[in-house]
Amino acid sequence: MRILLVEDDLPLAKALQRSLQSEGFVVNHVNQGKLALNALSTPDQDMIILDLGLPDIDGLEVLKQLRNKKSSLPVIILTARDSIESKVKGLDFGADDYLVKPFEIQELMARLRVIERRLGTAVSSLVCVGKVKLDTFAHKVFVSESKTETEIHFSKKEFMVLKALMENAGRILSREKIESKLYHWGEEVLSNAVEVHIHKLRKSLPDKFIQNVRGVGYIINNAH
Ligand code: CA
């Protein structure tokens, strides 16, 4: 999941970004309404966390413009405005959820999971394909072999590659598509990064679990 974080409180934005990234979200942070609207003109995000009190355009205006374009992108408003009126207004303008500052990060995560489930990107925390089981909330991977289950440790990026492929089992993912789930905007990507992650994954996973489709990308087949 790629999140556009619109927040002008930089310490808060930094902390949020760290927490979200550690949960496996890819975060693009902007601190102005105008920059948010720019970012929203590309289909590069799956969800928005939107502050209302921004230095240029009000967050509600950003939301209004987004909905005017018939975008159904999920929006969680994160704001210090705690009156019922402003809450109602935010929801009426088309926000999916409304969280008042100060808030607990766990609560934000729980609300994000609700949206993820609704989008169908995280139907459950467990993704199973063949002998491999992925717990997407606990970030754990298990491989079962003759009735015993062994946990395998992967780096965060390796885990994210595996998650992307397993959630799309039966479909080929291009290298670019996998990269887009791994790296943040502006982050430099080594040209063979995906290949390196796949190589590491293959070493610990069952034979031929991840297959290379020459010139197209990678696939995990449903039947193993
Ligand atoms: Ca603000």
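The values are calculated or read from the model by the stated rules, or taken from the named source; none is laboratory data. All values reported here derive from a predicted model rather than from experimental measurement. We place every Cβ from the backbone using ideal geometry, glycine too, and count neighbours over all the protein chains shown. Just so you know, the surface numbers come from the protein's heavy atoms only, side chains and all, with ligands and any DNA or RNA stripped out. Shrake-Rupley method; radii C 1.70, N 1.55, O 1.52, S 1.80 Å.
Here are a few things to note about the model shown:
- The residues of the chain expose on average 53 square angstrom of accessible surface per residue, using a 1.4 Å probe on protein heavy atoms.
- At the residue level, residue 197 shows approximately 30 square angstrom of accessible surface with a 1.4 angstrom probe and all protein chains present.
- Cα centre as origin, Lys/Arg/Asp/Glu Cβ charges: the chain dipole, Debye: 860
- Across 181, 208, 147, the residue with the most accessible area heads the list, and the full order at a 1.4 Å probe is 147, 208, 181.
- Projecting the Cα positions of 114, 80, 210 onto the charge dipole of the chain (unit charges on Cβ atoms of Lys, Arg, Asp and Glu, taken about the Cα centre) puts 210 furthest along the positive direction.
- 3J(HN,Hα) couplings calculated from phi for the range 158-168 with the Karplus curve 6.51 cos²θ - 1.76 cosθ + 1.60 (θ = phi - 60°) are, in sequence order, 4, 4, 5, 5, 4, 4, 4, 5, 6, 5, 10 Hz; Gly and Pro show x.
- For residue 42, the solvent-accessible surface with a 1.4 Å probe is about 60 Å², rounded to the nearest 10.
- J(HN,Hα) series, the range 28-35, from Karplus relation 6.51 cos²θ - 1.76 cosθ + 1.60, nearest Hz, glycine and proline x: 10, 9, 10, 10, 9, x, 4, 5
- Near the amide H of residue 3, within less than 5 Å, lie the amide hydrogens of 26, 27, 28, 46, all on another chain or at least 5 residues away, with H placed in the peptide plane.
- Flagged links, alpha-carbon separation over 18 Å, of 157/177; 147/200; 131/157; 177/203; 156/203; 14/177: 147/200; 131/157; 177/203; 14/177
- Within a Gaussian network of the chain (alpha carbon springs, distance under 10 Å), most fluctuating of 82, 44, 96: 82
- Of the residues 74, 11, 206, the one that moves most in a GNM of the chain with alpha-carbon contacts below 10 Å is 11.
- For residue 140, distant residues with modelled amide H under 5 Å away: 135
- Per atom type, the chain shows carbon and sulfur on 50% of its accessible surface, probed at 1.4 Å.
- Across the range 74-85, computed HN-Hα scalar couplings (Karplus, 6.51 cos²θ - 1.76 cosθ + 1.60, θ = phi - 60°) run x, 10, 10, 7, 10, 8, 7, 6, 10, 6, 4, 4 Hz from first to last residue, x flagging Gly and Pro.
- Amide H contacts of residue 171 (H built 1.01 Å from N, in plane; Pro and chain starts excluded): 220 sit under 5 Å, all sequence-distant by 5 or more or on other chains.
- In terms of accessible area, using a 1.4 Å probe and ignoring ligands and nucleic acids, 51, 46, 92 rank largest first as 92, 46, 51.
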